[in-house]
1. State all residues of the range 196-249 that are of a type in the set (Ser, Thr, Tyr), surrounded by fewer than 19 Cβ atoms within 10 Å (Cβ to Cβ) and touching a residue at least 40 places away in the same chain (Cβ under 8 Å); if no residue qualifies, say none.
2. Restricting attention to the range 73-91, does a residue exist that is in contact (Cβ under 8 Å) with a residue 12 or more places away in the chain, small (Gly, Ala, Ser) and assigned to a strand (DSSP E or B)?
3. Somewhere in the range 176-195, is a residue in a loop (DSSP other than H, G, I, E, B), touching a Lys or Arg at 6+ places or on another chain (Cβ under 6 Å), buried (at least 20 other Cβ atoms within 10 Å of the Cβ) and touching a residue at least 60 places away in the same chain (Cβ under 8 Å)?
4. What are the pairs with Cβ atoms under 8 angstrom where one residue, in the range 312-334, is free of Cβ contacts under 8 Å to residues at least 40 places away in the same chain and under 27 Å from residue 362 (Cβ atoms) and the other, located anywhere, is of a type in the set (Val, Ile, Thr) and part of a strand (DSSP E or B)? Sequence gap at least six, or different chains.
5. Here are the criteria: (1) assigned to a loop (DSSP other than H, G, I, E, B); (2) in contact with a Pro (Cβ under 9 Å, 6 or more places away or on another chain); (3) more than 30 Å from residue 316 (Cα to Cα). Tell me which single one residue 437 does not satisfy.
6. Is it the case that residue 438 is in contact with a strand residue (DSSP E or B) (Cβ under 6 Å, 6 or more places away or on another chain), among the aliphatic types (A, V, I, L, M) and within 16 Å of the ligand (Cβ to nearest atom)?
7. Would you mind finding the one in 411, 372, 404 that is of a type outside the set (Val, Ile, Thr) and more than 27 Å from the chain's Cα centre (by Cα)?
Amino acid sequence: MSNPLDPNLIPRFVNQLVIPPVFYPKTIYNPTTCEIISHNYTITMTKFLQQILPSEFPRTTVWGYGGAVIDPSDGKSIIKFRNSPAATFEATRGIPINVQWINNIFSPHSLPVDPTLHWADPNNLGMVIPDLVPPFPPGLPDAQYPVPVVPHLHGGEDHSIFDGHPDAWFTANEEKTGPEFVTTLYHYPNNQLPTTLWYHDHALGITRLNVLMGLAGFYLLRDPKNPLDSNESVLPSKEYEIPIVIQDRSFNTDGSFNFPNVGNNPDVHPYWVPEFLGDTIMVNGSVWPNLNVKRRQYRFRLLNGSNARFYNLEFSNKMSFIQIGTDGGYLAKPVELSSLLLAPGERADILVDFSSIDIGTELILNNSANAPFPNGNLPDPLTTGQIMKFTVLASCITRPTNLPETLNKIPKLSANSKTRTLVLLEVAGENGPLEALLDGQKWSAPISELPIVGSTEKWELVNLTMDTHPIHLHLVQFLISTRQTFRAMDYMDDWIKINGEPPLNHPTEVLPVNDYLEGDPLPPDPNEAGWKDTIRANPGEVTTILVRFAPQESDKDLAVPGVNLYPFNPTSGPGYVWHCHILDHEDNEMMRPYKVVN
Ligand SMILES: [Cu+2]
């Protein structure tokens, strides 16, 4: 066994930021009109070594998605490329993408698979009793191998058979498949608004492990008809547009990832911990990188791809920047910020202007978010308190172009169907939580969220825990309405009185939250007032969202309950899920299935 690597021994800002290349598709044309029918890809998941730490340290075993890219050395030949994060899908609105996903991970899982959870379970062990789980390594051989995976396009408006349902997993050569498995050939129609999506693994009960090993990448959707995405755009050109995924990791001295292998309540879950918090910051697959920048404006597509760590980002010179987009598209108006809070799964499309910065200046992007958020510990200013460095090169000054006042039209949604009051809670164990739950119910309880296609529902997320939970709904982009504080203790007592002590395996009775609310409802932050697929539900607050089960750009008069405006049938297939995007929570019951119905 290797020893943990002290993060203070890792030199910061010696790695240069790696910019993921773009996957190269096979383009399928209509033979008579010559219009593009689709972009097709074959993407293979494999295990390999990657230099994540500075070059004097050993390489790290990772898993990544690999496929064809254009060779950067000659700009034309097509080569095979694999990395973590993977290459980026560049999608065009209106042109579908087909992906043949291939699982070529032929060795046991590198991280401790906890088979006491609801999990993908390729060998049909069932939920194993804790006494039968040996220490890791090597863990339980039949849990470690084979490795189930299933890719999910986060934020995508997709049919549920292509959504990466947690039980639609498949092992290498598709020898074993999950109960909801249909196909590994996925179809993404790309009908939604242009935005920063990402794809990552979603296999039941092991998502935290599969994503930590590296199964994640960007999926940028552009709309040639949108002036902001056109060639004459006022936004920085592609050369100055950089996707940035922030992930925390811990390492061993042999270069491998260090992940907890003793749970906080090992008698119940031998390995599972409530939040994985790494001691080192990795950006685009290398630790604490530097990016040399010119004296001009850049566009950064930021993604928090961490398991559990939140980031509150701020430049060391306190300079402001502009956010132009959220999870699901452009904001209505640009929003000037001096700091930016990002929970796991959230994205922010930002513009940063280095044109007034002196040549040679080194700016650090710092992080001040407590972990766990918001009531945990401050990050260490020398390690997790720093993300990356920007070094301003000698270059001529290019001033940014003025942005239009309006970037996007965000509709007003009004509920015309059910209001759902859904509690977020944790089940306490001797040494911290045993599991986290949505609506008090286990993953396996009967489906209780059955929205009608075309309807707009109001979901009240009633947070009874001490943590902020980033709640993510599949299929839809939604709008946040308000946040409001409430008497959480009283509500919890009364909720348990009518529903019983969680975890529950049955539908719950609604306890209206109105009588418990305090103060005034607060509007979302200006940079949240756009399309969201992941929303921070803060402790002691009721977070209300409006969810329309129709495509983003639906005409409000046409989107009515019972009318399907999607180009596919969202009521068919295995259905969707909603869950906390703290991956350690999602893997231990803080996820529920949902189905759209007619
Ligand atoms: Cu959570």
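Rule-based calculations on the coordinates, nothing more; no lab input. All of these numbers come straight from a predicted model, not from anything done at the bench. In this analysis, Cβ positions are derived from the backbone assuming ideal geometry, glycine residues included, and neighbour counts consider all displayed protein chains.
1. 240
2. Yes: the range 73-91 contains one or more residues that are in contact (Cβ under 8 Å) with a residue 12 or more places away in the chain, small (Gly, Ala, Ser) and assigned to a strand (DSSP E or B).
3. Within the range 176-195 (the criterion being in a loop (DSSP other than H, G, I, E, B), touching a Lys or Arg at 6+ places or on another chain (Cβ under 6 Å), buried (at least 20 other Cβ atoms within 10 Å of the Cβ) and touching a residue at least 60 places away in the same chain (Cβ under 8 Å)), the answer is yes, since at least one residue qualifies.
4. Listed pairs, sorted by first residue: 321/350; 321/352.
5. Answer for residue 437: the failing condition is (1).
6. Considered against the rule, which asks whether it is in contact with a strand residue (DSSP E or B) (Cβ under 6 Å, 6 or more places away or on another chain), among the aliphatic types (A, V, I, L, M) and within 16 Å of the ligand (Cβ to nearest atom), residue 438 comes out as yes.
7. 404
Condition check ((1) more than 14 Å from the ligand (Cβ to nearest atom); (2) out of contact with any helix residue (DSSP H, G or I) (no Cβ under 6 Å at 6 or more places or on another chain); (3) in a strand (DSSP E or B)) across all residues:
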{"residue": "424", "(1), (2), (3)": "no, yes, yes"}
{"residue": "445", "(1), (2), (3)": "yes, yes, no"}
{"residue": "458", "(1), (2), (3)": "yes, yes, yes"}
{"residue": "466", "(1), (2), (3)": "no, yes, no"}
{"residue": "472", "(1), (2), (3)": "no, yes, yes"}
{"residue": "482", "(1), (2), (3)": "yes, yes, yes"}
{"residue": "489", "(1), (2), (3)": "yes, yes, no"}
{"residue": "492", "(1), (2), (3)": "yes, yes, no"}
{"residue": "497", "(1), (2), (3)": "yes, yes, no"}
